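Everything below concerns the one structure shown next.
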């Protein structure tokens, strides 16, 4: 007989979960599953980034590492006259993002399975966002920032949220790649930073 409570609930773990959240004053719904980042609630870093980001109605936007889509889909609600592209290297993330685009009645979004920015072609953006994992690694972060700059329109903005412990590394990297850096908001756990091309 299995005594571990997690094994006793195994069938329950196969079921999709639903998150209801108000993000930037929009009522949003997300279908999620185990294996995706923060599957039971919208994480604190994403909420902080959404609170302090500036989005124009006509912005073309890119969400790198979109997960199930909380950042990108909320941004798409504000940038209704632009197009929002959501990319992730995880096919499960893309599958759930596509479900959530439909659930939230968005027609101005597209998704790509992409390792970094290698599948987005020549698209260019006014706004790029990412909730960067703490253990992304210097190599991948360097690729991400370099490629992001190539895909930003002149005057375009990049916003990232990271754990506060790597804020100085982000500051140095932004200054090296973009020539500028602004700390938008620093909390105890997360920091939102931005740069302009």
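All of the numbers you see were taken from the coordinates with simple rules; none came from a lab. What you see is a predicted model; the values in this text were computed from it and never measured. Reconstructed Cβ throughout: ideal geometry from the backbone, glycine too, with neighbour counts over all protein chains shown.
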Between residue 16 and residue 143, what's the calculated FRET efficiency when r is the beta-carbon distance and R0 is 25 Å? Round to 0.05. 0.20
Taking every DSSP beta bridge with both residues inside the chain, roughly what % is antiparallel (nearest 5)? 50 percent
Grab the beta carbon distance between residue 164 and residue 110, set R0 = 30 Å, and tell me the FRET efficiency rounded to 0.05. 0.40
Can you tell me the Rg and Dmax of segment 44-196, counting just the alpha carbons, in angstroms? 14.1, 40
Put in order of increasing Cβ neighbours within 10 Å, starting from the fewest, 129, 184, 160, 92 give 92, 184, 160, 129
Rounded to whole angstrom, the alpha-carbon centroid of segment 108-155 lies from that of segment 173-196 at a distance of 16 Å
Segment residue 183-residue 136, extension gain: residue separation times 0.36 nm, minus the distance between their alpha carbons: 14.9 nm
